[in-house]
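**Student:** Submitted below is the structure of interest, expressed as structure tokens.
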Amino acid sequence: MNISYFLGANSRSGFYSLYDSFPPGEDSFLHIIKGGPGNGKSRFMRRIGAAAESRGLDVEYVLCSGDPDSLDGVYIPALRTAWCDGTAPHVTEPRIFAVTSDYVNLGSFCRLPLSAQDSRHIALLNREYKALYERAYKYLSAAAEIRDGEERWEMNPELSLQLTRRLGRILDATPSTVSGSPTALRRLFTAISCKGRLYLGESISKLCGRIFSLPDGIAPSFMALAAAEADSRGLSALLVPEALDPSRLSALLLPGCSLAFVPESWELPGKQPLDLEGLELPEPVTLPEQYGSALSRAILLLSQAKSLHDQLEAVYKPYMDFKALDAFTRAHIQANVEMPMEAESAKA
């Protein structure tokens, strides 16, 4: 099963990162990729993922929240091996070099020095690019504050008890697959990006055959209840922070039960409303026009930043020795994907 998710979010407080939890498991090894824009980091990881897929291995793809068409990470569970872009804004360093992680320097394939003209151009693009992100985050913060001013509801103990009971009945009637110790990982399946608001419905559907939706107003409180219930039952869970405000849980996935719970506003096929008949729920909140305007302005600025990043990559690319990089990629795949697979097959 190949799935995609985000480990970063453009949020009300700036860039939100979950990269410190990647890859999962203490026995996983992480290759940290360094290099500048246009140095081939995403392409390098795509080729690794394709090589693993072609050999029948499951692959987890970490999408870039700034540019969802680009990769920030790849994880091959069967090999307990991962790769990630270790550059800003998600700078990553080895916990124990050569034991838990190492470096892959793709910047070494960039011919230096740059010309004086290109150096000045890059410096200008970098300043403008960072300024656009700072402005985008201000609009995201404004959108969150507007929403905070409208949402004043708090779940009462009686409603909490009733929701927990209904959740319990669903879990009681659902067979679960338990493998090893239960885990609770935070993963993002939604993003506010240069392409607008994104929902990774295909990945959620692969992980969970049944998807229940519930009103956005009670979703964060319900997800907290559901996470506590899953923990009490020893179920592994994927806790999904909200992109705009990661302090809130927007969704919960229980892959071992093939169950997911999401807000009704998420654009996912096949979702079904959670039965809330007879419960006293808050009235739906209609957010003012300023909320949507602030989000739209942030998305526009993120799109403009993406355009500048494309220009940055275009300046660097002529300096890259892609032929040498391709040869290095083939050797890296052989050493870190093909040979470990052969070793595992020999053990079996």
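**Student:** Pairs of alpha-carbon atoms within less than 8 angstrom and 6+ residues apart define the contacts here; what relative contact order does the chain have, in percent? Mind showing how you got there, number by number?
**Tutor:** Numbers: 590 pairs, mean separation 84.4, N = 348.
After rounding, I find 24 percent.
**Student:** Moving on. Straight-line reach from Lys41: which aspartates and glutamates have a Cα under 17 Å away, not including same-chain ones fewer than 8 places off?
**Tutor:** Within reach: Glu60, Asp67, Asp69, Asp72, Asp85, Glu93, Asp102, Asp310, Glu313, Asp321, Asp326.
**Student:** Counting only residues 5 or more places away or on other chains, whose amide H sits under 5 Å from the amide H of Leu63 once H atoms are built in the peptide plane?
**Tutor:** Result for Leu63 returns Tyr5, Phe6, Leu7, Asp72.
**Student:** Still on this structure, please answer the following. Using the Cα gyration tensor of region 195-348, with a ≥ b ≥ c the square roots of its eigenvalues, what is the shape: rounded (a/c below 1.5), prolate (a/b larger than b/c) or oblate (neither)?
**Tutor:** oblate
**Student:** Of Ala219, Ala298, Ala228, which has the largest mean-square fluctuation in a 10 Å C-alpha GNM of the chain?
**Tutor:** In this elastic network of the chain, the residue with the biggest mean-square fluctuation among Ala219, Ala298, Ala228 is Ala228.
**Student:** What is the antiparallel percent of DSSP beta bridges lying wholly in the chain, to the nearest 5?
**Tutor:** 50 percent
**Student:** Also: For labels at Leu124 and Glu93 in the simple 7 Å Cα→Cβ model, what's the distance in nm?
**Tutor:** Those two pseudo-labels are separated by 3.4 nm.
**Student:** OK, next. Is the shape of region 282-338 best called rounded, prolate or oblate, per the rule: a/c under 1.5 gives rounded, else a/b larger than b/c gives prolate, else oblate, with a ≥ b ≥ c the square roots of the Cα gyration tensor eigenvalues?
**Tutor:** oblate
**Student:** Then there's this: What's the percent breakdown of Cα-Cα distances in region 245-325 across 5 Å bins, shortest bin first?
**Tutor:** Answer for region 245-325: a P(r) of 3, 9, 9, 13, 14, 12, 10, 9, 10, 5, 3, 2, 1, 0 percent.
**Student:** What list of ³J(HN,Hα) values in whole Hz, one per residue of region 96-110 in order, does the Karplus curve 6.51 cos²θ - 1.76 cosθ + 1.60 (θ = phi - 60°) give from phi, with Gly and Pro shown as x?
**Tutor:** So the Karplus estimates, Gly and Pro as x, are 9, 4, 6, 9, 10, 6, 8, 9, 10, 9, 7, x, 5, 8, 9 Hz.
**Student:** Then there is this: Could you identify which residue out of Arg135, Arg165, Arg43 has the top mean-square fluctuation in a GNM of the chain using Cα springs shorter than 10 Å?
**Tutor:** Greatest mean-square fluctuation among the candidates belongs to Arg165.
**Student:** Same structure again: Roughly how tilted is helix 116-150, in degrees to the nearest 10 and between 0 and 90, from the longest Cα axis of the chain?
**Tutor:** The answer is roughly 0 degrees.
**Student:** What nm distance separates the two modelled labels at Thr177 and Arg210, each placed 7 Å from Cα along Cα→Cβ?
**Tutor:** The answer from the label model is 1.6 nm.
**Student:** Output the peptides 313-326, 87-100, 245-258 sorted from most to least packed, where packing is the average of other Cβ atoms within 10 Å over each peptide's residues.
**Tutor:** 245-258, 313-326, 87-100
**Student:** While we're looking at this one, here's another question. Over 26 Å between Cα atoms, which of Lys138/Lys271; Lys34/Lys347; Lys206/Lys323; Lys34/Lys206; Lys195/Lys317; Lys130/Lys206 qualify?
**Tutor:** Lys138/Lys271; Lys34/Lys347; Lys206/Lys323; Lys34/Lys206; Lys130/Lys206
**Student:** Sticking with this structure for a sec: Please report the projected area of region 152-284's Cα convex hull averaged over all directions, in nm².
**Tutor:** Its average projected convex-hull area is 8.4 nm².
**Student:** At what distance in angstrom do the alpha carbon centres of region 99-173 and region 177-246 lie from each other?
**Tutor:** That distance is 16 Å.
**Student:** If each residue of separation counts as 0.36 nm, what is the full-extension length gain between Val285 and Thr164 once their alpha-carbon separation is subtracted? Show your work: numbers first, answer last.
**Tutor:** On the way: separation 121, 0.36 × 121 = 43.56 nm, distance 2.34 nm.
This chain segment gains 41.2 nm when fully extended.
**Student:** What is the angle, in °, between the Cα long axis of helix 157-172 and the longest principal axis of the Cα atoms in the chain? Nearest 10 is fine, range 0 to 90.
**Tutor:** 70 degrees
**Student:** Another question, then. Hey, what angle do you get for helix 289-316 against the long axis of the chain, alpha-carbon based, 0 to 90 degrees rounded to 10?
**Tutor:** Taking the Cα atoms of the chain, the angle to 289-316 is about 20 degrees.
**Student:** Only Lys, Arg, Asp and Glu count, each charged at its Cβ (+1, +1, -1, -1), so figure out the dipole size of region 152-284 about its Cα centre, rounded to 20 debye. Could you put the intermediate results ahead of the total?
**Tutor:** Details: 13 positive and 15 negative charges, 107 e Å.
Result for region 152-284 is approximately 520 debye, rounded to the nearest 20.
**Student:** Quickly work out the Ala228-to-Leu276 label distance, labels modelled 7 Å from Cα along the C-beta direction, and quote it in nm with one decimal.
**Tutor:** 1.8 nm
**Student:** A follow-up question, please. Note down the relative contact order for region 152-284 as a percent, whole number, built from C-alpha pairs under 8 angstrom at least six residues apart. If you can, show how the numbers build up before the last one.
**Tutor:** Values: 207 pairs, mean separation 42.0, N = 133.
Relative contact order here is 32 percent.
**Student:** If you don't mind, there's one more thing I want to ask. Can you tell me the FRET efficiency between Asp20 and Leu57 if r is taken as the Cβ-Cβ distance and R0 is 22 Å, rounded to the nearest 0.05?
**Tutor:** So the FRET efficiency works out to roughly 0.30.
**Student:** Right, here's the next one. Using a ≥ b ≥ c from the Cα gyration tensor of the chain (square roots of the eigenvalues), is it rounded, prolate or oblate, where a/c under 1.5 gives rounded and otherwise the larger of a/b and b/c decides, a/b for prolate?
**Tutor:** Verdict is oblate for the chain.
No lab work stands behind these numbers, since they all come straight from the coordinates. All values reported here derive from a predicted model rather than from experimental measurement. We place every Cβ from the backbone using ideal geometry, glycine too, and count neighbours over all the protein chains shown.
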